[in-house]
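Below: the structure, in structure tokens.
Quick note: the coordinates plus some simple rules give every number you see, no bench work behind them. These figures come from a predicted structure and were not determined experimentally. Glycine also receives a Cβ, built like all others from the backbone with ideal geometry; neighbour counts cover every protein chain displayed.
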Amino acid sequence: MPRVGVFICWCGTNIAGTVDIETVVETARNFPGVVHTADYRYLCSEIGQDLIKEAIKNEKLEQVVVGTCSPRMHESTFRKAVAEAGLNPFLLEVANLREHCSWVHQDKTEATAKAIALLRAAAAKAVLNAPLIAPRLDVEKRALVIGGGIAGIQAALDIAEAGYPVDVVEREPSIGGRMAQLEKTFPTLDCAACILTPKMVEAAQHPQINLLTYSEVEEVKGFVGQFDVKIRQKARAIDATKCTGCGVCYEKCPTKTESEFEMGLAKRKAIYVPFPQAVPNVPVIDRDNCLYFRKGRCRICEKECPPQAVYFEQQDQILERRYGAIVVATGFDQLNPVEYGEYAYGQHPDVLTSLEFERFFNAAGPTGGKVVRLSDGKPPRNVVFIQCVGSRDKARGMNYCSKICCMFTAKQAILLKEKVPEARSYVFYIDVRTAGKGYEEFQRRAAEQYGVAYLRGQVGKVFPDGDRLTVKGVDSLSGKTIEIQADMVVLAAASVARGDAAQVGRVIGINSDQYHFFNEAHPKLKPVETHTAGIFIAGACQAPKDIPDSVAQASAAAVKAVGLLAKEKLQGEACTARVDQSGCSGCLYCEAVCPYGAISAVQIEEHFRGEKLTRIVAEVNAALCQGCGSCTVACRSGSINLQGYTNAQILAEVDAICL
Amino acid sequence: MAENNVDYSAKIRGVVAQDLLSGRIDLLLGWEKGHYWWQSRPLFARDQADLERLAWDSFCAVNLSRYLVDELKENKKVGVLLKGCDARALNRLVQDNMVPRERVIAYGLPCPGMLNYAALLEAAAGRKPDGIAEENGQVTVRGGGVELTVPRDRVLLDKCRHCLYPNPVHCDQLLLTPVGERQAPERFSAVQERESLSSDARFAYWEKQLERCLRCYACRQACPYCSCRECFVEQEQPRWLSKASQPSENFMFHLIRAYHGAGRCIDCGECQRACPVGIPLQELNRKLIKDINELYGHYEAGLDPGQEPPLLTYRPDDPAAFSEK
Amino acid sequence: MSLAQNRPKTEAATAGMEAAAQDRAWEPLIVAFCCNWCSYAGGDLAGTSRMQYPSNIKVIRVPCSSRMNPLFILRAFQRGADGVLVAGCHPGDCHYSTGNYLVRRRLSAFKRLIEFAGLEPERFEVRWISSSEGDKFSEVMREMTAAIKALGPNGKLRDGRWRKIT
């Protein structure tokens, strides 16, 4: 039986006011193994900690039990104190006498009895504590950023500036993301390209940044400090080292198809760069549409390319590389409102989503910067903006607010007025939400200076009506039905997670919420961390977000990544699972339930009647194990056990509590 | 089995003899007649002489798959005769990495169901039977100079009466013609009957059943899902339960034994058949099978080794047997 | 309460305890296993917010509800618990991603099994309590204590050699 010391904290009157300390101490003296007891006003103070340290030395204590506040509060404090006295820090057990006892019970007799029971359980567990050593893990001093939008670019720049190499994986042919599609940004109305392009160029030219465009992450294995990642670099069919970006190829290419960048409102060639400021300025051949790839003839681009950079035989490359930290910034999509039949989207060319409408303002956009109706090419007079299409919509299970729509609608209404001075804008809204620096002022300006009519209410239906659109809605303030003859209708469709976000999350190893936005580790205190150590999130892949928030979050994620990369070694989890190989039958049910892939099969040799036999058993990678203990329950023979929470320890706690 | 004048034993012997004598397999696991005419016991055949004793009749209830675990330690390749339930037991053992499938030749024997000696005794109406004859789904019990004929279904083992898969799955070779599909509409009727009782009445029922338990662990030894190298009941560190045959300890043993088979039990009923004091163990197993099927979708253990056992996986929208408010 | 109750049970101590117990009304013992990240933290919040609940509940901290071996539950009943609660993070919020999804299946099957053996459904419960649900924590504790009090002491699955029914 180890020599156990029990220390009770009064916590001023927080514990002592409800728990009879003297009775508790007297009783604890009789617990098995207890050779020393003490109590103190504030055990967490320096004097209190010294009390423990001295007793460890003088009384030769081998296990320490403290009856204090919640272990979630001060367990680490006391572990440190115990370690300073020369004991392994895991030879400490905490009984929660405050949050789980003195603060929730008023009757002193009851609270004292419960304190004794909790302390007895802690002492019973402590007797079985074993010294544990957290694994020290290497850190690969390189970061991976997934997604090359503004958040990804910002994170990459910050990490690179701190002195660490960064790879940025972007699945499109160019970095830039959603922001590259925007004409202006709220609330300052500066041109998106003017502030984004320099960042894109800076990222491309930074000696520490390696852009992997037209590439996708295929597999993430490993753990914090040592993520082993497989990246597929899709074949552009262009030798990027030869290409000068002259653009002759896409001028000559005979095949046209819909441009993704222009939201299908304009055409691009089969060999193309998505937009003029693309980085890198290296075209891609779209194999689904290229005549040569489809029918085996054409090759005009190859013939016309001055530096002979077209290379049809190019194959996808798989890059395998190790990273210490990962920042996920995969962005968002705008909901396709085609299922929202009441708005006639997809039934009439002048019903648009706001992202489509945004392209009308761009000089390089589908209309050359003119705001005109797609149906007849005339400028619109009445434009109706409908808010919350797919947001705050309980009936359709889309409960959340997309956050950015109120602002971009105000922006587009202002831009419209500037392009088409005679146009009138109507905005149907549920609430106008303008929290943000300068946001409220901006929206007021739209209403007051630009005469945008804000109508509180929801639109019931949009009817195509000759060459115009009739918008029927209810003004919820007056209760009156409103009917507007509109030339264009712009739908503020919800910001939604990328269509494949859940799948991407599974590949990377992070979880997502019911809408498939990636989950942060804590909604307030860990907004860029995920539950997977070493993987951080930034931007709209976490939740709908505007540019300043995305950039701020990206910088935050970068700091977290840099903080990790700056460490010589990482401290792993000490309470990890361990296999007793002699009992393990090798069924590997533990492997099936492990959320971290920390368990694998190994072959061992055994002697059986003079012969060597091999069999498989489970093995835990302590660096990967996070200590949940799910495996221990899948193991019927108890051959895999969780250190710090062993089967014997939990049984001892149960027995002690029931005594 | 020599029904309708065909000697199936001879037919089987012919096929496996070739494999055994050619060295394709080192050992054949089959059945031979036991001490009594109503007993068939495992046969470990290594040569022609052993094979002569091979018997396939209506008493080959013993599941031979379990013997593979030990026999494969000493033999490179083992052939085994498998009924429907035995074949699913083999799948169970393969799924649990207890048997390397590539070192087994599985000979499937479509099974008409095995007979229950106790039921035959009952059918013989007080006389001691000294043999049976079978024809067209009827069993004729001979004894004391009298012959009594009963429908075969009436004298089947309980485990066979509720069998859904008499034809072996995933065998390397099927030795006989498949038997007809079976229905088991009453598979869960005993469970449902118990469910309809009050908590106290259910407890009283089980208390009465489990107080007989000798803690001999024959149920465990017979079971193809009990594949642990050291069972929790025998562990010293920690001591999960004491060795005493005491009511709460017996409950603990049987509830956990059944729970360890949750999503894994193939419902072969060997545990219950092995129990010397007649505890209706299969009821506990079937309770779990029934509930897991109801809650998490239909699953038959051992039928498809590629399908993940239901307790090793989940769906985010799974229902629960408790309030999730 | 007499100190004797908390000493290892010598015969005399047990006798003294029984005598003392005669004077008191029966109070149930409920063992609650709480996951460290959500439910235990929810209990901490209940404490910080001074949300009162009966002292019959004694909490054992486990890292994750998926650490809950059904044997722990049976052991508690065997040693004299009148009720057992397992509390974990809400599905989808598990600190370890998937633990409570597995728990839902494991303990649903197990709950039905022990009810089949005759245990009253109220005696074993599973609840999802997040770290921000201090109110829910204390409410669940109050509800469960009331339900067990209504049922009375549990004799089923109990080993008479341990805690006596008083």
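At-a-glance table
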read-out: Whole-Hz ³J(HN,Hα) from phi, Karplus 6.51 cos²θ - 1.76 cosθ + 1.60, for segment C:68-79, glycine and proline x; value: 6, 7, x, 5, 5, 5, 5, 4, 4, 5, 4, 8
read-out: 0 to 90° range, to nearest 10: angle between helix A:108-126 axis and chain A longest Cα axis; value: 90 degrees
read-out: Inter-part distance where segment B:228-282 and segment A:401-425 are each reduced to a Cα centre, Å; value: 71 Å
read-out: Antiparallel DSSP beta bridges within chain A, as percent of all bridges there, nearest 5; value: 55 percent
read-out: Segment A:362-471: C-alpha gyration tensor shape, a/c 1.5 cut-off, then a/b vs b/c; value: oblate
read-out: Exercise: per-residue mean of other protein chain Cβ atoms within 10 Å, A:197-205; value: 0
read-out: Sequence-distant residues sharing a close amide H with A:Ala486 (under 5 Å, placed H); value: A:Leu469, A:Thr470, A:Val471
read-out: Residue mean of other protein chain beta carbons inside 10 Å, B:289-299; value: 2
read-out: Cα-derived Rg to Rh of the protein assembly as shown, Kirkwood definition; value: 1.04
read-out: A:Met398 long-range amide H proximity, modeled H, under 5 Å; value: A:Asp393
read-out: Environment charge at B:Cys275 (Cβ cut-off 14 Å; Lys +1, Arg +1, Asp -1, Glu -1); value: +2
read-out: Antiparallel %, DSSP beta bridges [both residues in the protein assembly as shown], to 5; value: 50 percent
read-out: Theoretical FRET efficiency, 1/(1+(r/R0)^6), r = Cβ-Cβ of A:Gln205 and A:Glu422, R0 45 Å, to 0.05; value: 0.50
read-out: Within chain B, percent of DSSP bridges classed antiparallel, to nearest 5; value: 65 percent
read-out: J(HN,Hα) series, segment A:323-339, from Karplus relation 6.51 cos²θ - 1.76 cosθ + 1.60, nearest Hz, glycine and proline x; value: 10, x, 9, 10, 10, 9, 9, 8, x, 9, 10, 9, 3, 7, x, 5, 6
read-out: Segments A:297-304, A:475-482, A:541-548 sorted - mean Cβ within 10 Å per residue, highest first; value: A:541-548, A:297-304, A:475-482
read-out: Local electrostatic count at A:Cys631 - Lys and Arg +1, Asp and Glu -1, tallied over other residues with Cβ under 15 Å; value: 0
read-out: Nearest-0.05 FRET efficiency for B:Ser323 and A:Lys394, computed from C-beta distance (R0 25 Å); value: 0.60
read-out: Sorted by Cβ neighbour density within 10 Å, fewest at the top, the residues A:Val620, A:Val25; value: A:Val25, A:Val620
read-out: Surrounding net charge for A:Asp513, when Lys and Arg each add one and Asp and Glu each subtract one, Cβ distance under 12 Å; value: -2
read-out: Furthest towards positive pole of dipole, A:Tyr426, A:Cys194, A:Val248, structure part chain A, Cβ charges; value: A:Val248
read-out: Total charge dipole magnitude, segment A:88-176, about the Cα centre, Cβ charges on Lys, Arg, Asp, Glu only, Debye to nearest 20; value: 600 debye
read-out: Distance (nanometres) between label positions extended 7 Å along Cα→Cβ at A:Glu26 and A:Asn58; value: 2.3 nm
read-out: Distance between modelled label sites at B:Thr177 and A:Arg3, nm, 7 Å Cα→Cβ extension; value: 8.4 nm
read-out: Per-residue average of Cβ from other chains inside 10 Å of A:104-116; value: 4
read-out: Residues A:Ile616, A:Ile153, B:Ile256, A:Ile8, sorted so that the one with the fewest Cβ neighbours within 10 Å comes first; value: A:Ile616, B:Ile256, A:Ile8, A:Ile153
read-out: Positive-pole candidate from A:Pro173, A:Gly638, A:Gly539, dipole of chain A, charges at beta carbon; value: A:Pro173
read-out: Placed amide H near A:Glu219: partners under 5 Å, 5+ positions off or other chain; value: A:Lys230
read-out: Paramagnetic label zone (point 7 Å from Cα along Cα-to-C-beta, B:Ala201; backbone N under 17 Å) in segment C:92-124; value: C:115-121
read-out: Packing-based ranking, highest mean first, of B:19-29, A:355-365 given that Cβ atoms within 10 Å are counted; value: A:355-365, B:19-29
read-out: Residue-wise HN-Hα coupling along segment B:100-108, computed from phi with Karplus coefficients 6.51, -1.76, 1.60 (Hz; x: Gly, Pro); value: x, 4, 5, 9, 10, 9, 9, 9, x
read-out: Theoretical ellipticity at 222 nm over chain A - DSSP helices of four or more residues, -39500 (n - 2.57) apiece, nearest 500; value: -8000 deg cm²/dmol
read-out: Cβ crowding within 10 Å averaged over residues, with C:108-114, A:160-166 ranked highest first; value: C:108-114, A:160-166
read-out: Among B:Gln246, B:Gln48, B:Pro151 the positive-end extreme of the charge dipole of chain B (Cβ point charges); value: B:Gln246
read-out: Segment A:487-588 - charge dipole about Cα centre, Lys and Arg +1 at Cβ, Asp and Glu -1, debye rounded to 20; value: 300 debye
read-out: Student exercise, chain A dipole from Lys, Arg, Asp, Glu Cβ charges, in Debye to nearest 20; value: 1180 debye
read-out: Acute angle (nearest 10 degrees) that the helix A:647-658 long axis makes with the longest principal axis of chain A, alpha-carbon atoms; value: 70 degrees
read-out: Label-to-label distance, nm, for residues given as A:Arg136 and A:Arg321 (7 Å Cα→Cβ offset); value: 2.9 nm
